[in-house]
Amino acid sequence: MQEINPRNHGRRELLRLALTVLFIFAAWRGSMLLFDFAGTNLAFGKRFLVSSDVREYPSKYFYRAWCQWDCAWYDRIVDHGYTLRENKMSSVAFFPLYPLVTRAITDVIGDRRFAGFLVAHAGTLLGLWFVFLTALMFVSEEKARRALILLLLFPGSLFYSAFYTEGLFLCVTAGSAYYFFRRRWLLCGLFGM
């Protein structure tokens, strides 16, 4: 098992590895935006593209495109907290880490939707870093890059771009796995909580 440890590698090497991950992330995110733009503008009968939950943002193309389905639940949780309604759909089914972090960022920047996207993208980027470092323990750098590309080519990866928990989930699970393989039990547990 090959070890990538910041103490054993020079800053240039770590910077090169980080730039590799950042480039893969940027290429993926750029392609997602292009596909979204093409799909939204070329779709016949565009009425179905605007969810009733995001009609409050009619001029904000980015919000309309990337805030669908469960996004409205997370948006309400960030804005109003959890609610329990007897015999009705309720927000208590959603785990609290993403709304808590999003709320904290919202308090700093003021826009809860932008904060949600920031948390999702930062979580995805950090998760990719941990996946890359974990892969480097077992395979060559070329295969580790391929692992990231395949992860992002998976159709479900579109949820890493949305106002969803998946980016943050990738971060904490990949971080926990990385620290598990490094035998750093406390950090493994903290990421896994």
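Being open to solvent by less than 70 Å² (accessible area, probe 1.4 Å), among the acidic types (Asp, Glu) and modelled with pLDDT of 75 or more is a property that does not hold for ASP53.
For segment 1-31, filtering for residues that are of a type in the set (Phe, Trp, Tyr), open to solvent by 60 Å² or more (accessible area, probe 1.4 Å) and modelled with pLDDT under 90 leaves 0. Regarding segment 125-132, can at least one residue be identified that is buried (at least 19 other Cβ atoms within 10 Å of the Cβ), at pLDDT 90 or above and of a type in the set (Val, Ile, Thr)? Yes: segment 125-132 contains one or more residues that are buried (at least 19 other Cβ atoms within 10 Å of the Cβ), at pLDDT 90 or above and of a type in the set (Val, Ile, Thr). Exactly one condition in (1) modelled with pLDDT of 80 or more; (2) at negative phi; (3) over 16 Å from the mean Cα position of the chain (by Cα) is not met by TRP73; state its number. Of (1) modelled with pLDDT of 80 or more; (2) at negative phi; (3) over 16 Å from the mean Cα position of the chain (by Cα), only one is false for TRP73: (1).
One residue alone among TYR164, TYR179, TYR160 is in contact with a Cys (Cβ under 6 Å, 6 or more places away or on another chain) and either of a type in the set (Val, Ile, Thr) or surrounded by 20 or more Cβ atoms within 10 Å (Cβ to Cβ) (or both), and that residue is TYR179.
Within the set ALA174, ALA147, the sole residue that is buried (at least 22 other Cβ atoms within 10 Å of the Cβ), modelled with pLDDT of 90 or more and within 18 Å of PHE25 (Cβ to Cβ) turns out to be ALA174.
The values are calculated or read from the model by the stated rules, or taken from the named source; none is laboratory data. It should be emphasised that the depicted structure is a prediction, and the values quoted were computed from it without experimental measurement. Neighbour counts run over all protein chains shown; Cβ positions are idealised from the backbone, glycine included. The protein model used for the area step is the full one, side chains on, heavy atoms only, and it has no ligands, DNA or RNA in it. Shrake-Rupley method; radii C 1.70, N 1.55, O 1.52, S 1.80 Å.
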